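The values are calculated or read from the model by the stated rules, or taken from the named source; none is laboratory data. Just so you know, these numbers come straight off a predicted model, no measurement behind them. Positions of Cβ are backbone-derived with ideal geometry, glycine not excepted, and every protein chain shown enters the neighbour counts. The accessibility values were calculated without ligands, DNA or RNA, using every heavy atom of the protein model including side chains. Shrake-Rupley method; radii C 1.70, N 1.55, O 1.52, S 1.80 Å.
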Protein chains: 2
Amino acid sequence: MRELIDLRADMLKALAQPTRLKIIDFLRDGERCVCEIFPAIGEEQSNTSRHLNMMISAGVLSRRKDGLKIYYTIKHPEIFAVMDYITEMVKQDIYGRHSLLKAA
Amino acid sequence: MRELIDLRADMLKALAQPTRLKIIDFLRDGERCVCEIFPAIGEEQSNTSRHLNMMISAGVLSRRKDGLKIYYTIKHPEIFAVMDYITEMVKQDIYGRHSLLKAA
DNA sequence: TTTATCAATGAGTGTATAGTCATATGCTCT
DNA sequence: AGAGCATATGACTATACACTCATTGATAAA
């Protein structure tokens, strides 16, 4: 079995890329098909498809087939909590940097 | 200014690598100097140093000098919450896979 | 001021990743 | 069966990354 540490790294890696972050942000409101996702994030269909499949493998997304379309969703609601924490920390860092600038 | 989405990706990327995960796990108990970290995780000093600096840039760690030694700490306690969520999701996925195997 | 110690960096290598374009697969409907 | 749409994949390129070995920089102690 894959080591727990590698599985964690894989899941984090699946979150750690701008295009994939755009997808995750877009999926906040619920499931969407590829044909909705790639225009919304401004990426090519093929590139979007690769990222989606990658996030499936990492356990970040799940998918459902309906006719021709394939609908993707965030698999674990914890993903949103993780994203909120990350955003909070980044904002704190930005604020901290500004304070330092002001102090200088 | 860097886009918020890129800053988030940078911070997540700083967490998304086995060697760096080992460092973060090791820093759970508090600050440690490089000379303690690299033997603990079984990596070369130079490699460890690069990862540490990378995590500083991403806002994951902070550091403090004391004589010859440089002590690194987790900068935001939220990092631990993020790690706990990731671990939880990965474990759920492992369990889910096992159930499928049993059912098959 | 020499020596020893801790940490960071330069240079190089091999591999992984993101992206593109073209094509293939699979499903639906006529 | 054939046309048309939605998604996935093959092949390729350019860039980023992790790592190693050797060296440098900086502080401390003798």
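Quick one: of A:K13/B:K69; A:K65/B:K13; A:K13/B:K91; A:K13/B:K65; A:K91/B:K22, which pairs are farther than 28 Å apart, Cα to Cα? Numbers along the way, then the final one.
Values: A:K13/B:K69 31 Å; A:K65/B:K13 31 Å; A:K13/B:K91 17 Å; A:K13/B:K65 31 Å; A:K91/B:K22 26 Å.
Checking Cα-Cα distances, A:K13/B:K69; A:K65/B:K13; A:K13/B:K65 exceed 28 Å.
For chain B, what % of the accessible area comes from carbon and sulfur atoms, probe 1.4 Å?
So the carbon and sulfur contribution to the accessible surface is 53 percent.
Taking the Cα centre of chain A as origin, work out the dipole magnitude from +1 charges on Lys and Arg Cβ and -1 charges on Asp and Glu Cβ, in debye rounded to 20.
For chain A, the charge dipole is close to 80 debye.
To the nearest 0.05, what FRET efficiency results for B:L68 and B:Y95 with a Förster distance of 41 Å applied to their C-beta separation?
Efficiency, rounded to the nearest 0.05: 0.30.
For chains B and A, what's the summed buried accessible area, probe 1.4 Å, to the nearest 100 square angstrom? Before the final figure, lay out each step's value.
On the way: alone 7410 and 7410 Å², together 11330 Å².
That pair hides around 3500 Å² of surface in total.
Return the calculated 222 nm mean residue ellipticity for chain A, to the nearest 500 deg cm²/dmol, obtained by summing -39500 (n - 2.57) across DSSP H runs with n ≥ 4 and dividing by the residue count.
My calculation for chain A gives -21000 deg cm²/dmol from helical runs alone.
For the pair A:A40 and A:D25, how long in nm is the line joining their label points, each one 7 Å along Cα→Cβ?
So the label points at A:A40 and A:D25 sit 1.2 nm apart.
Determine the shape class of the protein assembly as shown: with a ≥ b ≥ c the square roots of the Cα gyration tensor eigenvalues, call it rounded for a/c under 1.5, and otherwise prolate if a/b is greater than b/c, oblate otherwise.
On the way: a/c = 2.52, a/b = 1.50, b/c = 1.68.
Since a/c reaches 1.5 but b/c is at least a/b, the shape of the protein assembly as shown is classed as oblate.
Once the Cα atoms of chain B are picked out, what are the Rg and Dmax in Å?
Computed over the Cα atoms of chain B, radius of gyration and Dmax are 16.4, 60 Å.
May I ask which residue of B:H51, B:Q17, B:I74 lies farthest towards the positive end of the charge dipole of segment B:4-75, with charges of +1 (Lys, Arg) and -1 (Asp, Glu) on Cβ and the Cα centre as origin?
B:I74
Mind checking the dipole of the protein assembly as shown: about its Cα centre, +1 per Lys or Arg Cβ, -1 per Asp or Glu Cβ, Debye to the nearest 20?
Approximately 160 debye in magnitude.
Using alpha carbon centroids, what distance separates segment B:51-88 and segment B:1-22, in Å?
12 Å
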